[in-house]
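Enquirer: Right, I'll just put the structure down here and ask away after.
The values are calculated or read from the model by the stated rules, or taken from the named source; none is laboratory data. Given the structure is predicted, the values throughout are model-derived calculations rather than measurements. As a convention, Cβ positions derive from the backbone with ideal geometry for all residues, glycine included, and neighbour counts pool all protein chains shown.
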Amino acid sequence: MRYFANPSSQKVRDAMSVGLLDFIDTPLQRNLREPGVEWCADNGCFSSGYPGDAAWLAWLTKQASRPDAALCVFAVAPDVVGDAEATLARSKPWLPVIRGLGFTPAFVGQDGQEHLPVPWESFDVLFIGGSTEWKLGPEARKLIAEAQQLGKYVHMGRVNTKGRLQYALSLGCDSVDGTFLKYGPDVNLPRLLRWLLEIGAYDAR
């Protein structure tokens, strides 16, 4: 199972360079990606870092022209945190745009998605977002299982503890991300790498 992280220090970037971690990028992050590191393009909606549709599209288009574009595992369509209905309306038009740029489109599952149609044919990656209660609840588990039956890649956001890592791995998630390394990265990096090793995340890649 992959762990996408912020490149918060040189030691973190070194861990990315040797394949222990992957890189999560957003429009406002502005950190240089290390050569050869696999990455994902998030949209910044969760952290109020979404720059608006035009700026987001310009950023993603620029990324598509970079030499490491082929190393992007997925790109996340704009979403609305905790609101499945609003996310569906906002994301659906962008999914073919993301694919047209050469990226693998990701759709974010949010609270209430179990009551709405899922545009499975339009994306290849299910990104589990939403509130903590929904993310860890039975509705998200059912959505993950359905995605896996359809052969979709599954990613879970906001995974910052060993327990949450273990939970995501137990559900068969292909990758996770978190901000655990954003604060005190050189202190927390050894802890995170130890957790990933102890739960067998590297064996599940």
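Enquirer: So which residues in the range 5-32 are touching a strand residue (DSSP E or B) at 6+ places or on another chain (Cβ under 9 Å), more than 18 Å from GLY157 (Cβ to Cβ) and among the hydrophobic types (A, V, I, L, M, F, W, C)?
Expert: Hits for the range 5-32 are VAL12, ALA15, MET16, LEU20.
Enquirer: Please verify whether GLU146 is acidic (Asp, Glu) and either in contact (Cβ under 8 Å) with a residue 60 or more places away in the chain or under 21 Å from ALA75 (Cα atoms) (or both), treating the condition exactly as stated.
Expert: So GLU146 passes the test.
Enquirer: Do we have ASP186 as within 18 Å of ARG13 (Cα to Cα), in a helix (DSSP H, G or I) and of a type outside the set (Lys, Arg) here?
Expert: yes
Enquirer: Please list, ordered by first then second residue, the pairs with beta carbon atoms under 7 Å, 6 or more apart or interchain, first in the range 1-18 and more than 14 Å from CYS40 (Cβ to Cβ) and at pLDDT below 95, second surrounded by 23 or more Cβ atoms within 10 Å (Cβ to Cβ) and not acidic (Asp, Glu).
Expert: Short answer, once both residue conditions are applied: SER8/LEU181.
Enquirer: Here is a further query. So which of GLU139, GLU133 ends up being among the charged types (D, E, K, R), surrounded by 16 or more Cβ atoms within 10 Å (Cβ to Cβ) and closer than 20 Å to ASP83 by Cβ?
Expert: GLU139
Enquirer: Restricting the range 153-202 to residues that are more than 22 Å from PHE74 (Cα to Cα) and acidic (Asp, Glu), which is modelled with the lowest pLDDT?
Expert: Out of the qualifying residues, it is ASP186.
Enquirer: Something else about it: For the range 2-52, which positions are of a type in the set (A, V, I, L, M), under 26 Å from VAL80 (Cα atoms) and in contact with a helix residue (DSSP H, G or I) (Cβ under 7 Å, 6 or more places away or on another chain)?
Expert: Of everything in the range 2-52, those that are of a type in the set (A, V, I, L, M), under 26 Å from VAL80 (Cα atoms) and in contact with a helix residue (DSSP H, G or I) (Cβ under 7 Å, 6 or more places away or on another chain) turn out to be ALA5, ALA41.
Enquirer: Within the range 170-183, track down each residue that is hydroxyl-bearing (Ser, Thr, Tyr) and part of a strand (DSSP E or B).
Expert: Answer for the range 170-183, where residues must be hydroxyl-bearing (Ser, Thr, Tyr) and part of a strand (DSSP E or B): just SER175.
Enquirer: Being assigned to a loop (DSSP other than H, G, I, E, B) and either of a type in the set (Ser, Thr, Tyr) or touching a helix residue (DSSP H, G or I) at 6+ places or on another chain (Cβ under 8 Å) (or both) is the filter here; which residues of the range 53-80 pass it?
Expert: Answer for the range 53-80, where residues must be assigned to a loop (DSSP other than H, G, I, E, B) and either of a type in the set (Ser, Thr, Tyr) or touching a helix residue (DSSP H, G or I) at 6+ places or on another chain (Cβ under 8 Å) (or both): SER65, ALA77, PRO78, ASP79, VAL80.
Enquirer: Could you please find all residues in the range 137-162 being touching a helix residue (DSSP H, G or I) at 6+ places or on another chain (Cβ under 7 Å), hydrophobic (A, V, I, L, M, F, W, C) and farther than 16 Å from ASP177 by Cβ?
Expert: Passing the criteria: LEU143, LEU150.
Enquirer: Related question: Quick one: in the range 81-134, of everything that is more than 19 Å from CYS40 (Cα to Cα), among the hydrophobic types (A, V, I, L, M, F, W, C) and outside any helix (DSSP H, G or I), which residue is farthest from the chain's Cα centre (by Cα)?
Expert: Within the range 81-134, the match that is farthest from the chain's Cα centre (by Cα) is LEU116.
Enquirer: If PRO7 satisfies all but one of (1) in a helix (DSSP H, G or I); (2) under 30 Å from GLU198 (Cβ atoms); (3) of a type outside the set (Lys, Arg); (4) within 17 Å of the chain's Cα centre (by Cα), what's the number of the condition it fails?
Expert: For PRO7, the failing item is (1).
Enquirer: Residue under question is ALA55, and the condition is that it be surrounded by fewer than 17 Cβ atoms within 10 Å (Cβ to Cβ) and among the hydrophobic types (A, V, I, L, M, F, W, C); does it hold?
Expert: So ALA55 passes the test.
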